[in-house]
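What follows is a single structure, written as structure tokens, with notes after it.
Read-outs throughout are calculated quantities, based only on the coordinates presented, and are distinct from any laboratory measurement. Quick caveat: nothing in here was measured; it's all calculated off a predicted structure. Neighbour counts run over all protein chains shown; Cβ positions are idealised from the backbone, glycine included.
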Amino acid sequence: MSTATTADVVGTAQDRVDGRRKVMGAAPYPIDVTLPRMAHAVLVQSTVTSGRIRDIAVDAAERASGVLAVVTHLNAPALARGPSTPLGPSPVPPLQSDAVLHDGQHVAMVVAQTRDQAQAAAALIEITYERDAPVLAFDDPRTSPVFHPRTPDTARGNVRQALAAAEVQINQTYTTAENTYNPIGLFATVAVWDGDALTVHDTTQGPHGVRDALATAFGVDPGRVRVLVPFVGGAFGAGLRVWPHVTLAALAARITKRPVKLVLTRAQMFTSVGHRPNTIQQVSLGASRDGQLTAIDHVATSSIGMADELFNPITPGTVDAYACPNLSTRATQVRLSIPIPGWMRAPGEAEGSFALESAIDELACALGIDPIALRVKNHAHVHPETGLPWSSNALLDCYRQGAERFGWPARNPAPRSMRNRGLLVGYGMARAALFAYQPPCNAIASIRRDGTAVVRSGATDIGCGPYTVMTMLAADCLGVPIERVRFGLGDSDMPKAPNEGGSGLTGALGNAVQAACVDLVRAFVNRVTGDEASPLKGCRLEDITVRDGGIQITDEAARFETYATILARHGLDEITVEGASAPPGETSPATMQARSGRFVPFTPPSTAARAPAGGYAAHFVEVHVDPDLGTIRVARIVSAVDGGRILNPKTARSQIIGGMAGGIGMALLEDTVSDRTGRLATVSLADYVVAVNADVRDVDVLFVGQPDSMTAIGTKGVGELAITGMAAAIANAIFHATGTRVRSLPITIEKVLGRS
Ligand code: MOS
């Protein structure tokens, strides 16, 4: 039994508490769930992009061996559309009409005893379509732009006048490609009904969202629906929405009265769980000759499905990026005959920062000013819209420390001036920021008679590390050794948590876990403060320190008692307390900060006094480009990151490295390509190329900054910081290496050689 003090596990590099189970193959993913009498569902998808189903012949499929049901729009029951969540709308439910709106739309489902039987029967279904001409281009006259209320136009000052008067102007157009998530694990749903009670194992980033959507679809009480996802695997945002196949799996189970498993194929992963929509963006910058920004204009257009309302936050990051008096942003979406998009890896921010940070680099070149110096000169010392000081902002330290670590001073600013063994060498950099996002969250914490702590919340872990960091946070907060703390998640019967998304879960969940744990200690203090038999008699929360599975009066080591002793004396098996967190600035339950086992009241600054800050980063990239072949290698990346308080430098670093890999993919490789009819041409990992280990070489992460002042645990999101700005940093490095400015992602050999 450990006697070491447990205080301050937080802040130290800890291995993943779930790592061993993962590498041993013992972590249960939804795809691994097998139940007695389980049947298998297979989806048939449209092979046209736009039109309607004239005829669908299912007789042969229905007669095929092992088939239990064939479901089409002709026999599917009405399914209500799920509710919108804070992150966005539910997709339109499947199999509700003969209309085909995109390639890969689910048009039939076969349920059979085995997956092979379902697959074989599905191949027997014959469908005749009436085809319409799909809408595939932003400038197609049949479309009209959609303005989403969540991305309103913004303006300050007079951007048109300021641009006209600017001594130096940049006006450029940037494009980003459609990207597809491609987690290695295929998305799977296993559904089983017991009367009107539904249990679902689903690859999702938010079990409560799935619960609510399915309850609505089938008209049952949400309390009768349970969604389980103890392990998700990679998701990258693909699990943020409740996709039609999830509803279909539950429908299959309902119709056949058997448990049903539905696993998407790799090809179906390209059309069934969203994608990053493509964008075209115009950025205009105005500046004085000495590099003072006077105008920023950012106009973004991105694609959206024919029947969907997902917003795409491309321009919000531009609004508060720089201290510039004149600014305008406009974001529109254009409906195309495409599978409906989702949010993918810093949705909007990744695309918007590519355009803005490329344009800033172009401005630096036009002015002959160092790109870091230009950014420092235009740093937003306060929030540029409101004039409020930031709740925390160490971006200047990111520039300074990152440049030093990278060796930026060795850069010769002239393009094509640096070489290494015949290769062109380029150094590029970019700024990155994430909006502050901390949705409401709940958690529940118990200490049991055996001295163990159990903390739970219906969140998910898509690999970012909540299992680990929440265990650490609870250990510190309760003074219980980390190996005696169990953190549970991935169950909609647990307290409601937001999706793991928007890089906001650590803040939301961490504050809820801390609130629950502080109140749990308070509950023990309340038990003993009037207890004649306790050495802690008379104590208050402010007087105590937690350590070694118990409580002591601070500075009086002898006045100590374990939780287990207290529970035993009071004849209790456990004490359990719920806690909640609210977004910074909103009315939050009174909370305490727990640091080094002690408890101090947390008094956040009033909303009027501070602008909530998200994370910041500066990315530095070295590329090597073959001057003859145009091949590009990212040789080295240094990211200096202000993520506020870093709970676990090891898992936080892993998140940044993951973002770097995504950034390399977005910049150089990833491209979801459609043919002239709108059908996807890249539906395998052979055609859709992602960054692999060989593409991710020398990567270095340094954390700078201080705990954020607006939230009790002091964190800011880090997950999506590395992909934000990374494509621009790579593009800027490629320009420096080659003298060729590529404004269109992905940056391919042909573009670098000027052949496309
Ligand atoms: Mo992320 S796209 O917020 O899962």
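Here are the numbers for this structure:
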quantity	calculated
J(HN,Hα) series, region 379-388, from Karplus relation 6.51 cos²θ - 1.76 cosθ + 1.60, nearest Hz, glycine and proline x	4, 7, 5, 10, 4, x, 8, 9, x, 6
Modelled FRET efficiency - R0 25 Å, SER84 with SER144, Cβ distances, 0.05 increments	0.65
Under Karplus coefficients 6.51, -1.76 and 1.60, residue-wise ³J(HN,Hα) of region 539-545 in Hz, glycine/proline x	6, 10, 4, 5, 8, 10, 10
Cα-only radius of gyration and Dmax that characterise region 195-299, units Å	21.3, 73
Cleavage-rule hits (chymotrypsin sites (Phe, Trp or Tyr not before Pro)) in region 146-196: DSSP loop, at most 15 neighbouring Cβ within 10 angstrom	PHE147
Counting DSSP beta bridges with both ends in region 611-751, the antiparallel % (nearest 5)	65
Region 379-413 and region 697-756: distance between their alpha carbon centers, rounded to Å	15
Karplus-derived HN-Hα couplings along region 525-531 (A = 6.51, B = -1.76, C = 1.60, θ = phi - 60°), whole Hz, x at Gly and Pro	4, 4, 5, 9, 5, x, 9
Region 121-151 residues near the modelled ASP55 label - backbone nitrogen below 17 Å, point 7 Å along Cα→Cβ	124-131
Residue list for region 561-575, given a label point 7 angstrom along the Cα-to-Cβ vector of LYS537 and an amide N cut-off under 13 Å	none
Across LYS261/LYS496; LYS496/LYS716; LYS261/LYS716; LYS22/LYS496; LYS716/LYS751; LYS496/LYS537, pairs whose alpha-carbon gap is larger than 30 Å	LYS261/LYS716; LYS716/LYS751; LYS496/LYS537
Cα shape, the chain, gyration tensor, a/c 1.5 rule	oblate
Region 267-407, dipole about Cα centre (Lys/Arg Cβ +1, Asp/Glu Cβ -1), debye to the nearest 20	120
Span from the region 645-687 Cα centroid across to the region 164-179 one, whole angstrom	24
For the chain, size of Cβ-based charge dipole, Lys and Arg +1, Asp and Glu -1, in debye	460
Long-range Cα-Cα pairs in region 23-85 (distance over 15 Å), rounded percent	73
Spatial separation of Cα centroids for region 237-270 and region 348-374, in angstrom	43
Length-normalised contact order of region 378-483 in % [C-alpha pairs under 8 Å, at least 6 apart]	10
Once exposed loop GluC sites (Glu not before Pro) are cut out (DSSP; at most 15 other Cβ, 10 Å), longest piece of the chain	168-384
Efficiency of FRET between GLU750 and ASP698 - r from beta-carbon atoms, R0 22 angstrom, step 0.05	0.25
Total charge dipole magnitude, region 612-755, about the Cα centre, Cβ charges on Lys, Arg, Asp, Glu only, Debye to nearest 20	180
